[in-house]
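Below you'll find the structure, written out as structure tokens, and then a few comments.
All of the numbers you see were taken from the coordinates with simple rules; none came from a lab. On a predicted model such as this, the values are computed, not experimentally measured, just so you know. Here the Cβ positions follow ideal geometry from the backbone for every residue, glycine too, while neighbour counts run over all protein chains shown.
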Ligand code: F6R
């Protein structure tokens, strides 16, 4: 696991975007797993800049981690009406790059049959040959995707009830600004499971801000537990990059070691 610590949010975002761009350049038809939330916005802005300078997304396929249950999927049509992750992705990334609509997969929050949909989603990931690089954030309660405390570390794509902490965090970050009452927020989501995430070939996690410093330390240096589902990152067998800003890294016990390893790897081109 490469733990990369950058000065601030901007540097973290640049570093993450460079890692993603590396995959797209090496394999133009690569499959990216994408995340929403406040954390990846800077990374997406960097990718948009890179696209304007020639980074080509025309063959890239994407699978998003999650979507609130009960909200829209019609990319570009319902985007001014809802707080869906489909809308988020359209606004923050997709409408700015040359990705093809048919190559974008986001869980359908309006599905009439969530169970069937979740099975279909898993099959589509398999049909695409699996996810080459999965981008992830870290929730305040230690979730990745929407795998809330207590969900199995082997879980697959499914419907998940959101915790009060997640509802609070996401209300502050998104729903409040859109003048939507907290009681009106969706309380359920479709999410890839931890088992699904662990099947991605490689993982890129990004976290910023001092509010998440304790959770970062638990996730990377604490015991693996279904109470903090992102601790399962320690079980992954592919390339793992965790890019943190200084504030998010501030509670790590071994940060000097991580910085040393990064320096050595750069020095020796590893
Ligand atoms: C979003 C997702 C979530 C977020 C996490 C952090 O698709 O899967 O796990 O990554 O809740 O959210 P932010 O970045 O808003 O702090």
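Rounded if a/c is under 1.5, else prolate if a/b beats b/c, else oblate: with a ≥ b ≥ c from the C-alpha gyration tensor eigenvalues square-rooted, which is region 1-156?
Here region 1-156 falls in the rounded category.
For 216, 24, 261, what's the fewest-to-most ordering of other Cβ within 10 Å of each Cβ? Before the final figure, lay out the partial values.
Numbers: 216 27, 24 21, 261 16.
Taking fewest neighbouring Cβ atoms as first place, the list is 261, 24, 216.
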**Request:** Determine, from the Cβ-Cβ distance of residue 210 and residue 261 and an R0 of 30 Å, the FRET efficiency 1/(1 + (r/R0)^6), rounded to the nearest 0.05.
**Result:** 0.80
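Once R0 is set to 35 Å, what does the formula 1/(1 + (r/R0)^6) return for the Cβ-Cβ distance between residue 115 and residue 184, expressed as a FRET efficiency to the nearest 0.05?
Working: r = 25 Å, r/R0 = 0.72.
E between residue 115 and residue 184, to the nearest 0.05, is 0.90.
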**Request:** Along Cα→Cβ, 7 Å out, is where each label goes; now give me the distance between the ones at residue 161 and residue 102 in nm to one decimal.
**Result:** 4.1 nm
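For region 100-179, just run the numbers: alpha carbon Rg, then divide by 2.2 N^0.38 Å, N being how many residues it has.
On the way: Rg = 14.5 Å, N = 80, 2.2 N^0.38 = 11.6 Å.
Here the Cα radius of gyration is 1.25 times the empirical estimate.
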**Asked** Between residue 41 and residue 152, what length in nm is gained on full extension when 0.36 nm per residue of separation is reduced by their alpha carbon distance?
**Response** 37.1 nm
**Item:** Rg/Rh for region 136-270, where both radii come from Cα atoms and Rh is the Kirkwood radius
**Value:** 1.01
**residue 224 paired with residue 2, simple spin-label distance in nm, labels 7 Å along Cα-to-beta-carbon** = 2.3 nm
**Item:** Debye log10 I(q)/I(0) at q = 0.07, 0.13 Å⁻¹ for the chain, Cα point scatterers
**Value:** -0.22, -0.82
**Stretch gain in nm, segment residue 26-residue 91, where the contour uses 0.36 nm per residue and the Cα spacing is subtracted** = 20.8 nm
**Prompt:** DSSP beta bridges in region 107-250, what fraction antiparallel, as a percent rounded to 5?
**Reply:** 35 percent
**Request:** Before rounding to the nearest 500, sum -39500 (n - 2.57) across all DSSP H runs of length at least 4 in the chain and divide by the residue total; then give [θ] at 222 nm in deg cm²/dmol.
**Result:** -9500 deg cm²/dmol
**Request:** May I ask what percent, to the nearest 5, of DSSP beta bridges between residues of region 2-267 are antiparallel?
**Result:** 25 percent
**Fill in**
Put in order of increasing Cβ neighbours within 10 Å, starting from the fewest, 144, 120 give 120, 144
